[in-house]
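Visitor: This is the structure I have questions about; it appears just below.
The values are calculated or read from the model by the stated rules, or taken from the named source; none is laboratory data. Just so it is clear, the model here is predicted, and its values are computed rather than measured. Neighbour counts run over all protein chains shown; Cβ positions are idealised from the backbone, glycine included. These area figures cover heavy atoms from the full protein model, side chains too; ligands, DNA and RNA do not enter into them. Shrake-Rupley method; radii C 1.70, N 1.55, O 1.52, S 1.80 Å.
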Amino acid sequence: MESQRLRGPALAALRASGKGRLRYGPDWSAELGEDILEAHRSPPLLSPQAGWILGRIGQSPRQEEAETPEGSARGEAALPEAPPPGASPGRGPAPRAEGAGVAQRPEKRRDPPSEPEAPAPKGPGIEGILRLYDRIRAAEGEEDLRRRQEIQDLASRAAYGQSWELLKRFDEMRELKSHQEWQDLRQEVERSSKEAQGQQEKLKEEHQRRAKLLSRKLREAEQRRLRQEEAELQRREAGQERLRRLYAAQEELLQANRGLGFEAGQGGPAYAPYAERGNRICGELSALVRTASERGFPDPADLTSADQALLEMRNLLSGLREEISLAAQRRKQEEEAEKAAAAEKAENEKNEKTASSQDPEKAPVPESSGKLRKNGLQLKSDEKTLQWYQQLQDQLDQCVDSFAGLANSKDRQEKKIKMDLQKAVTTPVSQISTRAGSQLKEIFDKIHALLSGKPVRSGGQSVSVALHPEALNFSYYKLAEKFVKQGEEEVASHHQAAFPIAVVASGIWELHPPVGHFLLAHLHRKCPYAAPLRPGVPEGASAEEGRRLLGYQSHDSAPEPQDNFLKRMSGMIRLYAAILTLRWPDREGQEGNHPHGLNQAWRWLAQTLNSQPLADVTATILFDFLEVCGNALTKVYQAQFWKVIVLIREEYLPRIQEITSAGQMGSFIRLKQFLEESLRRNEIPLPKGFLPPSFWRS
């Protein structure tokens, strides 16, 4: 076989090679160690070009001879030259084989010319093949080195380019940061400049504001000084005016006292107490004038005391004159009675003589003297009630006269004082409601403070009765009038409103008695049945005048409808009954009895039942009165009051029914049902809207 044929020459070539000529000692392996020879024990590896070489070697001589000369020449030219004996294998150029039987010519290596290469053997010997293999390996190493150098050059150039780009980016970043720092510095400078400018503007505005404030304060101080001077001037003028009025009151009082003394002296010793009281009033006023003169100017309270002293003197003088007049009338009546008695005696004697011859049963019976009665009931008002009514009306008229100067003044300042006072006393009364006890206390305190002389706020202004000497009586009059008007309008429409209005009116009455007297006077004037009073219509009076005396109102000469009249009377009677029942609960140091309490309710009920009833009116006011204060009367009078209820049902109701027409039976039926229900339950319940104790905690 071909491989066996080539084995012998190959072994011979290996023996003739440099490694084959080496001599090995028997102890060399043990001395140098097995690790040195470990790499030489592995079988030899051939290059990929070894196949081509072995193919060339394996051709027979005949085949080589059969080839053309050109082929032989190409075969010889394709064989590389063997390297010189001293050259190391792998450094010479070697062709790279691509495919079977194809070889490229390797690049020629330029070695230094000092050692000329030995000509490679042209024969196909094993030595030439090994040299050719060494040259191929050297060419491959050179090619690999060249590739590595190119890769290293490319890597160096890439690293240089990358470092250059990094340097450029670093310079750009540094330039950007520098630009940003400069921009930030510029913005900070601008911001600081703006802040400084803003601070400067604020300081400028603050300076201007302070300058304006200082200027305004200076103007206000100047205005305050002018107002103080004006107020001081007004105070002096008011003080001089009060002093002048005090002197005038003292002069009038002295003149009245002289008249009182003269008339008391003319009347005899029986009127000496009037003169003594007049002298005492004059002494008190003289002491008051001396005290006021020592202080410089009198206070409004001094002027009020003087007015009260003058009013008392007028009342004293009018009382003296009235008593003297009554005494004269009594004397005149006694004389007339004596003359009438004498004439009657003579007439009776004459009649007796005439009737002695006639039937004695037909003789006329004289009407008994005394009050006119019908079926045991009065047809006219009680004399004491009439006197009380007239006394209250006189006090009301005197009050009107006492503030006539303020009411009729044309002075703008006094007109303003009058309007402010009227608003201050009427507005709180209009605000009274059952909303909360705290609100009711505020209204009460405001009215009480105003009447006590303290300044109060009304309509954004300060109001006080000390601003005018007539302001207190004016406030009394208007407050009492407003209370009655609330009963006439508000309570007439909403019955439950009677209780908060009544409790405030009762508390003010207890602290300021004139308000209560004027309230009764207004109430009796608008509702005479609250007295109770049966006003007689004088002879010759017109129908309109007669209706006015009975409590009716007229609008444009048209008579008031009966329903409206009964509604107004019902509202005022309910307010009066609530005042009799209630008392202000939250006043410190509350002592004594109610200024107009349940004893007056018993009096009113007794006098009403002693009078002849009026159609439609008596049933209405009895029902309203008993519904409001019947519960309180049962607690105080107990069995006595139930006797009165039985009397009303058994005896008085039939008399009301006799005079009640078919169209007026509504009030009668309502009263009858109320009485029967109360007697059946043996109880009169609390009226609707009565203020419970919890109301005052709200």
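Visitor: If each of Q308 and E322 carries a label point 7 Å out from its Cα toward its Cβ, how far apart are those two points in nm?
Guide: Placing both labels 7 Å beyond Cα along the Cβ direction yields 2.1 nm.
Visitor: Now for a different question. I'm a student and want to see the number: the projected area of the Cα convex hull of segment 610-680, averaged over all directions, in nm².
Guide: Details: hull surface 18.0 nm².
Computing the convex hull of the Cα atoms and averaging its projections yields 4.5 nm².
Visitor: Can you list, largest first and rounded to whole Å, the semi-axes you get for segment 440-582 by taking the square root of 5 times each eigenvalue of its Cα gyration tensor? Working shown, then result.
Guide: Details: eigenvalues 190, 61, 39 Å².
Result for segment 440-582: semi-axes of 31, 17, 14 Å.
Visitor: Turning to a different aspect of this structure: Can you give the direction-averaged projected area of the convex hull of the alpha-carbon atoms in segment 427-499, in nm²? Walk me through the intermediate numbers first.
Guide: Details: hull surface 20.5 nm².
So the mean shadow area of the Cα hull is 5.1 nm².
Visitor: Note the full-extension length gain between N599 and T291 as 0.36 nm times their separation in residues minus their Cα-Cα distance, in nm to one decimal.
Guide: Details: separation 308, 0.36 × 308 = 110.88 nm, distance 4.32 nm.
Value of the extension gain: 106.6 nm.
Visitor: Sticking with this structure for a sec: How many nm is it between the label spots at D144 and E658, if each spot is 7 Å from the Cα in line with the beta carbon?
Guide: Between D144 and E658, the simple spin-label model gives 15.9 nm.
Visitor: Sticking with this structure for a sec: Over the residues of segment 560-687, compute the C-alpha Rg and express it relative to 2.2 N^0.38 Å.
Guide: For segment 560-687, the normalised Cα radius of gyration is 1.11.
Visitor: In whole Å and largest first, what semi-axes does the C-alpha gyration tensor of segment 147-255 yield when each eigenvalue is scaled by 5 and square-rooted? Each step should come with its number before you reach the end.
Guide: Details: eigenvalues 2009, 31, 3 Å².
Whole-Å semi-axes of the equivalent ellipsoid: 100, 12, 4.
Visitor: I'd like to check one number: the per residue accessible area of segment 161-279, probe 1.4 Å, reported in Å² as a whole number.
Guide: Averaged over the residues of segment 161-279, the accessible area is 82 Å².
Visitor: Shifting gears a bit: What FRET efficiency comes out for the pair L511/N315, r = Cβ-Cβ distance, R0 = 22 Å, nearest 0.05? Intermediate results must be reported in sequence, preceding the final value.
Guide: On the way: r = 23 Å, r/R0 = 1.03.
Efficiency for this residue pair is about 0.45.
Visitor: Still on this structure: So for D302, D394, what's the accessible-area order with a 1.4 Å probe, most first? Numbers along the way, then the final one.
Guide: Details: D302 20, D394 65 Å².
Correct descending sequence by accessible area is D394, D302.
Visitor: Run the quick spin-label model on Q431 and L679: label points 7 Å from Cα toward the beta carbon, then report their separation in nm to one decimal.
Guide: 4.8 nm
Visitor: Moving to a separate point now. On a 25 Å Cα-Cα criterion, which of the cross-link pairs K485/K567; K194/K217; K485/K635; K478/K526; K454/K478 come out too long?
Guide: Details: K485/K567 13 Å; K194/K217 34 Å; K485/K635 30 Å; K478/K526 15 Å; K454/K478 18 Å.
Beyond 25 Å between Cα atoms: K194/K217; K485/K635.
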